[in-house]
Each structure stands twice: as structure tokens, then as C-alpha cells.
Amino acid sequence: MMTTASAPGKIILFGEHAVVYGRPALAMPVTQVQATATVIKRVALPGDIQIEAPDVGLSANVNALPRDHPLAAVIHSVFSALGIDRPPACTVHIESTIPVASGLGSGAAVSVAVIRALSSFVERPLSDQQVNSLAFEAERLYHGAPSGIDNTVITYARPIFFIKGQPFEPVRVAWPFTIVIGDTGIPSPTKETVAEVRRKWQADTERYEKIFDQIAVVVHEARQSIKAGNVSALGPLMDENQALLRDMGVSSVELDRLTEATRKSGAMGAKLSGGGRGGNMIALVEKEKAAVVAEALINAGAKRTIITQIR
Ligand code: PMV
């Protein structure tokens with residue numbers, strides 16, 4: 001007996017960080033990268049669950065890991081949500097093509113894939129809402145105080161308009177558009193950038209609240225433009241969002257260099273995506289220019305690029 005489930009990566013198109021402070025944000029799934037969990041029955045005593053995650057060099061029994069280890073915690077949470085005390089022995093195999101700690105949602109995608117594969121394995125598949133809420137609990141271990149945007153966009157695998165603590169709104173993309181994603185190759189745990197923004201916000205609340213409000217205006221305009229199919233309006237809005245993220249102090253020399261390189265090679269706009277400092281940036285391009293912009297990114301030092309269509 002074997003079950004398997006996959007979940008996509010994601011980008012934050014607009015509104016990261018401000019979303020932690022109650023402002024709206026827009027996030028989109030990236031299906032070119034995926035996390036996959038496969039659960040295989042094992043002949044062993046009930047409760048004996050082995051995790052195999054070769055991508056991160058993990059091979060361990062769940063019971064040998066600390067209870068707050070993100071993977072152990074997510075596995076325990078599934079059984080506890082289902083009221084299963086002695087789960088059947090199994091191996092949970094995890095693979096992911098989503099780079100870790102880079103703002104593409106690898107942690108949330110692994111959680112969603114594991115929750116779905118495990119709950120199907122015990123023949124009690126959970127609803128999207130339940131999957132989302134368990135993935136959010138796991139995100140807290142990765143992130144500290146997450147807004148919940150990552151687990152939501154990844155669970156539902158569709159473009160979303162998101163405000164913390166509220167039901168998300170699916171966003172209808174009237175006209176598809178192309179995004180080139182460039183990876184600085186610098187790992188940057190979101191937990192750290194979120195904590196840093198919090199310190200700065202505490203030290204100068206007025207200034208930061210003003211930046212968050214300006215970002216909220218950008219997000220609302222972007223949402224209207226996406227709904228109206230007005231793609232050309234999105235480029236300048238991305239540039240504006242990037243300027244505000246720089247003011248906030250979460251950009252970096254590398255992110256600035258990559259965003260600049262895409263603009264020079266014909267992108268309509270560009271910004272960092274996710275926690276910032278390192279990780280990924282995104283550029284809006286005309287479809288025909290995607291390859292040229294991706295090449296410019298590599299020349300400017302990007303470790304890898306992904307071209308994705310938002311629809
Ligand atoms: O996981 P990341 O790096 O895409 O960051 C998520 C976006 C933040 O707004 C920075 C944090 C959050 O919890 O919303």
C-alpha cells in the first residue's frame with residue numbers, strides 16, 4: 001500500500017512583510033517546482049514511522065526526532081487531528097525540487113504534501129481547509145509568526161489575495177503573464193528577516209506603518225490590474241513595491257543587482273519575493289523576452305532561474 005501527494009512552490013507577487021502586519025498581499029503558485037511525499041506501508045509495530053528526506057540528508061525515525069522538529073511535528077499533527085493513537089507503520093519519503101530557505105515556500109509545500117499523503121494513507125483524506133490549518137501550525141515552527149499566506153497559496157494551488165486571519169480570495173487572472181524568477185543562491189531564513197522587521201517596526205513604528213500602508217495601496221492596485229487584464233500596469237507597481245521593501249531594509253546588494261539586471265534586459269518591473277536579504281527575486285516580462293531576461297540574470301550572478309506563467 002502506497003499513497004503520494006505533491007504541492008507546488010509559490011511566489012509572493014506583492015505585499016510580503018506588510019502582510020504580517022495585517023495588510024493584504026498577492027501570492028501565486030509555481031508549479032514548475034514541487035514537493036512530493038510518498039507514504040509506504042512497512043512491516044513493523046504500529047507507531048513506527050520512518051522519514052526519508054534525502055534532499056536534506058534526513059533519514060530518521062519520527063520517535064527519535066524532537067517533537068518540535070518541523071517534519072515530526074507535522075506527522076504527529078495529522079494523526080492527532082484524525083484521533084489516531086497508533087498509526088500503521090510506514091515510511092514517509094519526501095522529495096522536493098523547491099530550493100530551501102529561498103522564499104519559494106519549500107517548508108509549506110513539504111508540509112502540505114506530507115499531510116495529504118499521510119491522511120490518504122490512513123484512508124481519511126483531510127479537506128483543503130484542514131490541510132491548510134495543519135500546514136499553518138507547521139509554518140509556525142519554521143517561521144515564528146507567519147501570516148499564513150504560504151500555506152494558503154500552496155494548499156489551494158491558485159492565485160490568491162490574502163489578508164492575515166481572513167478567508168482568502170481567489171484571484172481571477174484575466175490575462176496570463178510571464179514571470180522570471182532568479183535565485184541569489186543566498187539562503188535567507190524568513191524567520192530572521194521577519195524578526196528583523198519586527199525590531200525595526202518596534203523602534204520606529206510610525207515610519208514602518210507608513211511603509212506598510214503604501215504597500216497596501218500597491219497591492220490593491222495590482223489586484224485590480226490583474227483582474228482587469230492590465231498587465232502593463234503591474235511592472236511599475238513591482239518597482240514601487242521593491243522600493244518600499246528596500247526602505248524597509250530587506251533587500252540586499254545581490255537582490256538589487258538582479259532586479260536591476262532584469263530591468264536593463266527588458267523586464268517591465270522587478271522585486272524581491274518572500275522574506276528578502278537572499279532568496280529569490282521576480283521580474284515581469286513579455287513572454288518573448290523571458291529567455292533573454294533569464295540569461296541576463298545568470299550573467300548577473302543568479303544561481304538558477306525559473307520561467308513561469310501566471311494564469
Ligand atoms: O516564505 P517566504 O520567504 O516567501 O516569506 C513569506 C512572506 C513574509 O511576508 C515575509 C512572511 C509571512 O509570514 O507572510
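Looking only at residues that are free of Cβ contacts under 8 Å to residues at least 60 places away in the same chain and within 11 Å of Thr184 (Cβ to Cβ) in the range 241-253, which one is nearest to the ligand (Cβ to nearest atom)?
Selected residue: Ser251.
Restricting attention to the range 2-25, and to residues there that are more than 8 Å from the ligand (Cβ to nearest atom) and within 30 Å of Ser120 (Cα to Cα), which single residue is surrounded by the fewest Cβ atoms within 10 Å (Cβ to Cβ)?
Across the range 2-25, the extreme among qualifying residues is Met2.
Taking the range 123-140, which residues are open to solvent by 10 Å² or more (accessible area, probe 1.4 Å) and within 13 Å of the ligand (Cβ to nearest atom)?
Those that are open to solvent by 10 Å² or more (accessible area, probe 1.4 Å) and within 13 Å of the ligand (Cβ to nearest atom): Phe136, Arg140.
Please list, ordered by first then second residue, the pairs with beta carbon atoms under 7 Å, 6 or more apart or interchain, first in the range 254-275 and hydroxyl-bearing (Ser, Thr, Tyr), second open to solvent by 40 Å² or more (accessible area, probe 1.4 Å).
Hits for this filter: Ser265/Val292.
Tally the residues that are over 17 Å from Thr178 (Cβ atoms) and crowded, with 23+ Cβ neighbours inside 10 Å, restricting the search to the range 279-302.
The number of residues fulfilling the criteria is 1.
Are there any pairs, at least 6 apart or on different chains, whose C-beta atoms fall under 7 Å, with the first in the range 187-199 and in a helix (DSSP H, G or I) and the second among the hydrophobic types (A, V, I, L, M, F, W, C) and open to solvent by less than 40 Å² (accessible area, probe 1.4 Å), and if so, which?
Cβ pairs passing all conditions: Thr193/Val250; Val194/Val20; Val197/Met248; Val197/Val250.
Would you confirm, using the coordinates I've provided, whether Phe136 is at pLDDT 95 or above and farther than 21 Å from Val110 by Cβ? If you could, list the steps in order and put the result at the bottom.
Details: at pLDDT 95 or above: yes; farther than 21 Å from Val110 by Cβ: no.
For Phe136, the condition - at pLDDT 95 or above and farther than 21 Å from Val110 by Cβ - is not met.
Checking the conditions here, which among Arg198, Arg158 is among the basic types (Lys, Arg) and within 16 Å of Ala27 (Cα to Cα)?
Among Arg198, Arg158, only Arg158 is among the basic types (Lys, Arg) and within 16 Å of Ala27 (Cα to Cα).
List every residue pair whose Cβ atoms sit under 7 Å apart, with the two residues 6 or more apart in sequence or on different chains, where the first one lies in the range 60-80 and is at negative phi and the second, anywhere, is part of a strand (DSSP E or B) and open to solvent by 30 Å² or more (accessible area, probe 1.4 Å).
These pairs meet every condition: Asn61/Gln50.
Specify the residue that is farthest from Phe162 (Cα to Cα); the eligible residues are those in the range 46-57 that are modelled with pLDDT of 95 or more and among the aliphatic types (A, V, I, L, M).
It comes out as Ile49.
Can you go through Ser77, Ser102, Ser120 and tell me which one is of a type in the set (S, T, N, Q) and either in contact with a Phe, Trp or Tyr (Cβ under 8 Å, 6 or more places away or on another chain) or crowded, with 21+ Cβ neighbours inside 10 Å (or both)?
Answer to the selection: Ser102.
The values are calculated or read from the model by the stated rules, or taken from the named source; none is laboratory data. Predicted model, so just to flag it, every value in this text is computed and none were measured. All Cβ positions, glycine included, derive from the backbone under ideal geometry; neighbour counts span all protein chains shown. With ligands, DNA and RNA removed, areas are computed over all heavy atoms of the protein, side chains included. Shrake-Rupley method; radii C 1.70, N 1.55, O 1.52, S 1.80 Å.
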